[in-house]
């Protein structure tokens, strides 16, 4: 006879059993396969997101790049998407353009060429994809649209693709239209014609790179009536679809991509988000590629969308970087597949688990290899930014699957496992662990017991590796004093730690032997993606700085010069939020010898103004700005020009330099010390 305790124990066990799901799944190609897999990628840019990466020393920089691009090592990405810079703000900063004005053409500016070459060095098969956010003012010709003069926009993009090929040996596989803006059918057809005419017939157009699904449906309907438009577009690209796709793009037969997705802090929550959408973008939406914004969070702390990259490298002065769990969630797919593989069909290798979660399976074209990725990511604490995530639950479950058709001969699968724990579950994450092989049961089936927040890769391939470099140095605050004369910067590049938010800053020879200056390059109002601005600004340092003394030497003696120039402290925002950001900005205007101090970038709050008695109307002027506690002082050529009590906010922020309006201005050095 059982005692009362034993009866209660059995009752408890039986109740627990009720939470376990037991399901069987068939993996079979007998009735055909699903869509072609196009690869997993990351986006460098969309607002200068890779800005700080080149500032690492070569050894550490190579390690970071290995984690991103090296096959069978880390994320092993299949696609690298980059911003085609336009010299104005987007996302978390501004990127240089290859063409600021008519007659200007330079393919040495910026860091995207370098990143593409480094990716290709590690993986020659990686696909390259370019997309503009901002266009040079030359394109718009005074308008804020690239479609007013579509022939100019086509020429601008073709020149970028030609520069990639002729100057850097890079073939651009995909080209987008205009990030998250309304598409234009005339432009798309003209671009396709120009690509073909100039020998880029294999460069496919992705349209329309927008998060509004109705645009994809509208475009699909227009393509139905316009064969030329249909022929022009290679792929549909949709942003932040919440794993859903519209019926129009699917019925039309074009491959559908999540051409920008994720945008989430790269901790365990971000990794759960990423692992889930890598599977469910295809399970729910038939999207054959997913591209992360962003590739790598290599921008200052304090910028918008902090650490929304597959990994983080925002401390180049110390050498510290983080290999975040999102790298290993990527590896679950990328290390065991290649673009050109094929998904199995839904309910024959692709689908939802009955106990919550999903599975996809892919095979190479001759069906000699098979990879299955299974995830049981829970709903709570896994939502991606910009995502609508309906409620669901995940229970403990036993998953049994039978391989049939071309895969019936497989008797063992290599297993890679991750467990994305959280505080509520009181478990520690396990990332991309090789669990050996899973053997088929006597009846040919395979069985797994899975719980919430796990990811499994089951594969015939034996090539997976959890790559590892030595532990990087510990992070350090931005070092002071900071002095940069720009003389050791490569011509046409930005200094490593000067981060343009609006406008574009480029090091050029000054005309004096051995001396270089940092020139603000944007002279025409760009075709903007963020809110239109009427100033340029570049940040340096630390958003937590309070008591700082900074100096710079500036000149406006050149063609297309701006009317004024500033040095600023306590700038508290960047990227698309630069317009309207607070701080205090000390402007000088050599044309009339005046100065102004403003409390914000819009120049809406005037703090002080007057004559700058020591300001020269030509040549270089030395500007100094000091903040200490609630007071500030400004200097021109070492003479005190103003002193004032500062507003209470912001209490801290970056140092910045910039110009009033667009136009050239030269900075000969910048120095920052503790005041």
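Bear in mind that the values in this text are calculations on the coordinates, not laboratory data. Remember, predicted model here, so these are calculated numbers, not experimental data. Ideal geometry is used to build each Cβ from the backbone, glycine not excepted, and the neighbour counts take in all protein chains shown.
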Spin-label model distance (nm) - residue 440 vs residue 609, 7 Å beyond Cα toward Cβ: 8.3 nm
0 to 90° range, to nearest 10: angle between helix 58-69 axis and the chain longest Cα axis: 40 degrees
Computed over region 525-653, the ratio Rg/Rh where both radii use C-alpha atoms and Rh is Kirkwood: 0.95
Along principal axes, Cα extents of region 19-102, largest first, whole Å: 61, 36, 30
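Using a Förster radius of 25 Å, what is the FRET efficiency between residue 594 and residue 546 based on their Cβ-Cβ separation? Nearest 0.05, please.
0.35
Express the relative contact order of region 324-410 as a whole percentage, based on alpha carbon pairs under 8 Å and six or more residues apart in sequence.
Here the relative contact order equals 22 percent.
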Modelled label reach - residue 644, point 7 Å along Cα→Cβ, region 576-598 residues with backbone N closer than 15 Å: 582-589, 594-598
Normalised per residue, the volume of the convex hull around the Cα set of region 72-230 (Å³): 131 Å³
Once the Cα gyration tensor of region 83-133 is diagonalised, semi-axes √(5λ) in Å: 22, 14, 9
Gain in span if fully extended, residue 222 to residue 449, counting 0.36 nm per residue against the direct Cα distance: 76.9 nm
In range of the label at residue 433: residues from region 450-492 whose backbone nitrogen is under 13 Å from the point 7 Å along Cα→Cβ: 454-456
Kirkwood hydrodynamic radius of region 534-589, Cα pairs, Å: 12.8 Å
Relative contact order of the chain, pairs being alpha-carbon contacts under 8 Å that are 6 or more residues apart, as %: 16 percent
Normalised per residue, the volume of the convex hull around the Cα set of region 483-577 (Å³): 117 Å³
Over the chain: helical MRE at 222 nm, DSSP H runs n ≥ 4 each giving -39500 (n - 2.57), nearest 500: -5500 deg cm²/dmol
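Give me the mean projected area, in nm² to one decimal, of the convex hull enclosing the Cα positions of region 171-278.
It is 7.4 nm².
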Region 292-351: radius of gyration over Cα atoms, expressed as a fraction of 2.2 N^0.38 Å: 1.56
Pair-distance profile P(r), taking every C-alpha pair of the chain, with 10 angstrom steps and integer %: 3, 15, 24, 23, 17, 10, 5, 2, 1, 0, 0
Proportion of all alpha-carbon pairs of region 607-675 beyond 14 Å (%): 68 percent
Cα pair distances exceeding 17 angstrom across region 169-209, given as percent: 28 percent
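Hey, what's the Kirkwood Rh for region 401-550 if you take every pair of different alpha carbons, in angstrom?
It is 22.2 Å.
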Antiparallel bridge percentage (DSSP; both residues within region 33-352; nearest 5): 15 percent
Relative compactness, region 481-527, computed as alpha-carbon Rg over 2.2 N^0.38 Å: 1.22
Rounded to 5, percent antiparallel among DSSP beta bridges of the chain: 70 percent
Percent of C-alpha pairs per 10 Å bin, region 383-447, short to long: 15, 31, 32, 20, 2
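What does the convex hull of the Cα atoms come to per residue for region 351-406, in Å³?
Roughly 111 Å³ of hull volume per residue.
Which percent of the Cα-Cα distances in region 33-352 go past 37 Å? Walk me through the numbers before you get to the answer.
Working: 5691 of 51040 pairs.
Tail of the P(r) past 37 Å holds 11 percent of the pairs.
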